[in-house]
1. Multiplying the sequence separation of D11 and Q142 by 0.36 nm and subtracting their Cα-Cα distance, what value in nm do you get?
2. On the protein heavy atoms, probe 1.4 angstrom, tell me the percent of accessible surface of the chain carried by carbon and sulfur.
3. Using Cα pairs closer than 8 Å and at least 6 residues apart in sequence, work out the relative contact order for the chain, in percent.
4. Per 5 Å bin, what percent of the C-alpha pairs of the stretch 242-403 does each bin hold, from zero upward?
5. Given the rule -39500 (n - 2.57) for each run of at least 4 DSSP H residues, summed and divided by the residues of the chain, what is its mean residue ellipticity at 222 nm, to the nearest 500 deg cm²/dmol?
6. With unit charges on the beta carbons (Lys and Arg positive, Asp and Glu negative) and the dipole taken about the Cα centre of the stretch 112-233, which residue among A178, T190, T123 sits farthest to the positive side?
7. P(r) for the chain: what percent of alpha-carbon pairs falls in each 20 Å bin, starting at zero?
8. Report ³J(HN,Hα) in whole Hz for each residue of the stretch 130-142, in order, from the Karplus equation J = 6.51 cos²θ - 1.76 cosθ + 1.60 where θ = phi - 60°; Gly and Pro get x.
Amino acid sequence: QIKESATLTRDVLEQHFSDLKGTLKKLLDERLMSLLQEVDVIEQESIKPLDECQKLIEHGVSTADDLLREGESAVDGDVGTQNEKLCNFTKKALHIQLDSLPEVPSLVDVPCLSAQLDDCLLTILKNQIFRHGTVASRPPVQLEEFVEKPGGILVRWCKVDDDFIPQDYRLQYRKSTASHFEDVYVGSETEFIVLHIDPNVDYQFRVCARGDGRQEWSPWSVPQIGRTTLVPHEWTTGLEGYSLSSRRNIALRNDSQSCGVLYSKAPTYFCGQTLTFRQVLFGIETVGQPDRRDSLGVCVEQRNGYDSLQRDKAVCISTNGAVFVNGKEMTNQLPAVTSGSTVTFDMEVVQLGPCSNEGGNFKLRVTISSNNREVVFDWVLDQCCGSLYFGCSFSYPGWKVLVF
């Protein structure tokens, strides 16, 4: 690991500084071209009036020279033509203003180009370059624990650098056969349940953090492999009144008039695990109209012909927060299930008497949590139950429940 990470770090540093040098050269070339263009523009704009002034002066000198040669010719001519030439010369000389010259700007008013180059840029760049980049012997956060979930993995991570103050964490994962990681969580929590995980398949995970008030992310943690052997929770297909997602872990109560309890495909909830129901946001109307028969819960067996889980061999919570055990309402009540609510069921076995294939006294300690409140009670059964079904029932359309 040390040699592999050192080689990778060298490659990253060399590539980064190579890219940086190319970018800096490009920026310097662009700045040079911009300054040279400024020189060209100033030169052209400043020299134009001087060129025009020079042309006027040269034209005046040429005209005066022509007039001078014409006067010399008039003086040197014979007497007959001399008077005529002198008359023409006099008239022409009167029309030409030999004493008129264009205004020539003074030397101090004529632009004199120069380049102003501040050497402090090198000092600034030098200080920035010498502070650019760091080499860390270990990342400030590391993966800590993987907990199997049905069709998912609960990933936990922790901070290992006492001087590092995290603002956000970033979790990525990929199948071991894939070439690229993808983001699965960005936030301030130190754990996250990654869903849509295929059972008995290796996945690689890595996490990094962003320091308080900073934009860049820290180095990635050492990638670690996690997997789940638990098949995902799925709702039973084919029940009129409910529509399912493609993975069959989300159930939507549609506008069908048919009523009934929607059960899980199989008894996939085992004691010692946490079963979670989450009310998913759905369009403008986020939840349906509540009814006293509505329920979310677990049961020993599937029973058709019921319109609610509020029956024998089942524990459930109604959307109004009432808790039912074997069809009887408890005095303790939880908050009502609303948009975005999460309800969890936790169970552990407390056996009262001998349990055999013929059955016997069997007790489960149940904890139901909703909106930061919970109720704990013992659920007595007349048979051993290694696994349980889960189910839901809603009377009105608009309820959409994710199970995991």
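The values are calculated or read from the model by the stated rules, or taken from the named source; none is laboratory data. Because the structure is predicted, anything quoted here is derived from the model rather than measured. Glycine also receives a Cβ, built like all others from the backbone with ideal geometry; neighbour counts cover every protein chain displayed. All accessible areas refer to the heavy atoms of the entire protein, side chains included, with ligands and DNA or RNA removed. Shrake-Rupley method; radii C 1.70, N 1.55, O 1.52, S 1.80 Å.
1. My answer for the length gained is 44.9 nm.
2. 52
3. Dividing the mean separation by the residue count of the chain yields 12 percent.
4. 2, 9, 19, 23, 21, 14, 7, 4, 1, 0, 0
5. -9500 deg cm²/dmol
6. In the stretch 112-233, that residue is A178.
7. P(r) for the chain, in whole percents per bin: 18, 30, 17, 12, 9, 8, 4, 1.
8. Going residue by residue, I get 5, 9, 7, x, 9, 10, 9, 6, 7, x, x, 10, 9 Hz, with x marking Gly and Pro.
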